[in-house]
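Colleague: One structure is given below, represented as structure tokens, and several questions about it will come after.
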Amino acid sequence: MTTKRGLQFLLTFSLLLAAALPVRAHGSTSIQLPIDTPAEAHAAVIANGTPFGDFVLLDDALIGASQYYEVKGEPGSSATWIVTYTYGWGDCQAGCISRHTFAYQVDPVSGVAAFDSQQGDALPADAPEGLLMLEALNGAAGGIMPITDVEPVPSGQPGSDETDWAILYEDWYNDFIATLEPCASDVDPADPTVMTCLLPDGSVAGPMPVFAPAPGPGPWPVDGGEGDGGDGWVHELPKIILAVLLAWVGGAALVGWRKSRANS
């Protein structure tokens, strides 16, 4: 009888003690608070849904690891814990040639883990998918883009799905300019036989692609310059292409109609 009462007392005491200790629950993971050890700080980051479950704590005996974490903090202090996760690749037995790190701050009182920063080499394509997504989203969890990366539509201006041909054309033109080699020092820009190249002032010498005489630096008007009449070829390009297509279709239809009249 005494033994039974003793067991009941121990059980009651254990339950009361457990209830007195703060615990933060996150999904199926419970974190004992306050955070007092590197392992607890790591557990708080994992409870945030981060993909670092296979990472191991770095110590002097750890050699050749490619996935490890380091923790900075003072047990019993109210200072924030810093947990840094490193993913390495390329001859990791000798210390890894390339590395990428993710850093988190963990509040010792609340157990809240917040993404701090990332740095290092870009992750390789064969890195774990969770790390690649974390890198692409700059630490945002659950596939949610940070709100700072979303550019809002200006107030009073409805969004538009229309294609901005001028911007597309400018992008294409800039890409074309980037492929050109510098002109020779003695090149004559007026020579019609010169190969297309880039002069020191940024202008283009030599033949240009179809519909590419207007934008960019050089002797052509830029951004609706003087005598350009508005926005120039950049903005008139879609109209020109449409007019040519309509003329071609109309001509083909007229020829077909005349042939049908001649055969009837």
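The values are calculated or read from the model by the stated rules, or taken from the named source; none is laboratory data. This structure is a prediction, so every number in the text was calculated from the model and none was measured. Heads up, the Cβs are rebuilt from the backbone with ideal geometry, glycines too, and the neighbour counts pull from every protein chain shown.
Colleague: Here is a list of conditions, (1) farther than 30 Å from PRO34 by Cα; (2) exposed (fewer than 15 other Cβ atoms within 10 Å of the Cβ), and ALA61 meets all of them except one; can you say which number that is?
Modeller: For ALA61, the exception is condition (1).
Colleague: Ok, one more. Based on what the data block shows, is ASP116 closer than 21 Å to PRO38 by Cα, exposed (fewer than 12 other Cβ atoms within 10 Å of the Cβ) and at pLDDT below 95?
Modeller: no
Colleague: For the list (1) assigned to a loop (DSSP other than H, G, I, E, B); (2) surrounded by 14 or more Cβ atoms within 10 Å (Cβ to Cβ), I need the number of the one condition that ALA122 fails.
Modeller: Just one mismatch for ALA122, condition (2).
Colleague: Related question: Of the conditions (1) assigned to a loop (DSSP other than H, G, I, E, B); (2) surrounded by fewer than 16 Cβ atoms within 10 Å (Cβ to Cβ); (3) of a type outside the set (Val, Ile, Thr), GLY111 clears all except one; give me its number.
Modeller: The number of the failed condition is (2).
Colleague: Any residue that is buried (at least 16 other Cβ atoms within 10 Å of the Cβ) and either modelled with pLDDT of 90 or more or on the phi > 0 side of the Ramachandran plot (or both) - is there at least one of those in segment 137-147?
Modeller: So far as segment 137-147 goes, yes, one or more of its residues are buried (at least 16 other Cβ atoms within 10 Å of the Cβ) and either modelled with pLDDT of 90 or more or on the phi > 0 side of the Ramachandran plot (or both).
Colleague: What's the total number of residues in segment 57-108 that are among the β-branched types (Val, Ile, Thr) and either without any contact (Cβ under 8 Å) to a residue 12 or more places away in the chain or not assigned by TED's automatic domain parsing to the domain that holds ASP121 (or both)?
Modeller: Number of matching residues: 1.
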